[in-house]
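See structure below.
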Amino acid sequence: MTTDPALYQEFERDRAVCQTANFGSDAKPSARGGYSGFAPGNEGSQDCMASKGYIVVTADAAAAKQAELAAKAAEKARLEAEAAAPPPPPPPPPRRVAAKPKPKPKPPTTPPAPQNPQN
């Protein structure tokens with residue numbers, strides 16, 4: 001249970017709704033804070049409370065269960081934040097490097113013709 005009055009009031013309201021839904025509008029509060037006809041093993045009331053997010057644990061397991069649920073809630077919040085985050089921007093297009101012109105092939109060099117001294 002919580003020490004927060006608003007949360008406790010919400011719990012009492014939810015419990016009353018579930019018990020009334022299972023036992024009718026003529027259910028009367030009992031001296032123990034429950035409603036007449038309400039038994040802890042009543043499946044209908046437990047299902048109703050579970051549908052509202054409540055779970056039943058023993059007092060000695062409450063702290064461990066609370067830590068477990070807090071860890072699950074933190075992981076869920078992290079995953080939802082990742083899903084809601086905008087995608088990263090696309091990478092910039094590759095830069096085109098100015099290509100150096102290919103060197104022109106040199107014309108073939110022909111050896112000079114042998115000179116005949118005929119004069």
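No value in this document is a laboratory result; all are computed from the given coordinates. Only a predicted model underlies this, so the values are computations on that prediction, with no experimental measurement involved.
In segment 54-115 the Cα-Cα distances spread across 10 Å bins starting at 0 as 14, 15, 13, 11, 9, 9, 7, 7, 6, 5, 3, 1 percent of all pairs. Annotation: lysines with alpha-carbon distance below 29 angstrom to Lys76 (same-chain offsets under eight excluded): Lys52, Lys65.
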